[in-house]
1. Report the relative contact order of segment 30-218, percent, no decimals, based on alpha-carbon pairs under 8 angstrom and at least 6 residues apart.
2. Enter the mean projected area of the convex hull around the alpha-carbon atoms of segment 30-218, in nm², rounded to one decimal.
3. Kirkwood Rh, Cα Rg: Rg to Rh for segment 84-169?
4. Taking the Cα centre of segment 30-218 as origin, sum charge times position over the Cβ atoms of Lys and Arg (+1) and Asp and Glu (-1), and report the length of that vector in debye to the nearest 20.
5. Could you give the length gained on full extension between His136 and Thr207, defined as 0.36 nm per residue of separation minus the Cα-Cα distance, in nm?
6. Give me, ordered by chain and number, the residues 5 or more places off Trp143 or on other chains with an amide H under 5 Å from its own placed amide H.
7. Tell me, what ³J(HN,Hα) does each residue in segment 180-186 have, in order and in whole Hz, if you take phi through Karplus 6.51 cos²θ - 1.76 cosθ + 1.60 with θ = phi - 60° and put x for Gly and Pro?
8. Excluding Lys192 itself, what net charge comes from residues whose Cβ is under 12 Å from its Cβ, given Lys and Arg +1 and Asp and Glu -1?
Amino acid sequence: MRKVIFIFGLLMVCVPIAYYFNKPDDKKKLAIISPIDLDTDVVDPELRNKGRAHFISDFELTDQYNEKFSSKAIKGKIWIVEYFFSTCKGICPIMNEEMKRVQLAYNNDTNVVILSLTVDPEYDEPEILKSYAEEHDAQKGKWFFLTGAKKTLYELARKSFFLLKPAEAKNQGDVGSDFIHTNNFVLIDKNKQIRGYYDGTNPAEVTELIEDIDILKGQS
């Protein structure tokens, strides 16, 4: 009888311990997204078959304060990136109202930054972007509105962030180029790799984005 009691007691101790160390990990895993994982219409033809090891290229642009902005200055930070233009009356106002939620969630976190790149640099000069940023309560040093050479902006979109599609019609947001922007936000980790895309007009997906940022922060 003592042996039975001993074995029962041992099981009562060992089983919970074994479960603790072998229980399934319920935490969401964020994949590293590469060009081969995406629709071909947003990826430069040269990169469409590229597998792993895709990193965002370094770049230099100009921010809403007419100051030079270098991606190297935010090295080691988490980025949330979008493409937009200030005269957009369709999805952009919705997207940037949602982006304000992201900013609010990380107002005091210097390791999370927001980058809004224009698809219409001819119009969106720094003073225009500054006014637009102020309308959206953009925090200096947190939310950067960026302009620059169209070639640079579009190469980044097609070869780094994969956030532009070829324009299908002039009434779909075309700004006089061969591209339109999407409604996606893209999440970039501290290693400059893509970890997720989110519909910036969908509050539920933006909430998911905020949760995924927390996951990345927990991995640092």
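1. Relative contact order here is 28 percent.
2. Averaged projected area of segment 30-218's Cα convex hull equals 9.7 nm².
3. On the Cα set of segment 84-169, Rg over Rh gives 0.96.
4. 660
5. Difference between extended and current length: 23.7 nm.
6. When sequence neighbours closer than 5 places are left aside, the close amide H contacts are Ile114.
7. Result, ordered by residue: 10, 8, 9, 8, 8, 9, 10 Hz.
8. Counting the neighbours of Lys192, the net charge comes to +3.
Every number here is computed from the coordinates shown, using simple stated rules; none is lab data. Computed from a predicted model, the values in this text were never measured in an experiment. Every residue, glycine as well, gets a Cβ built from its backbone with ideal geometry; the counts of neighbours run over all protein chains shown.
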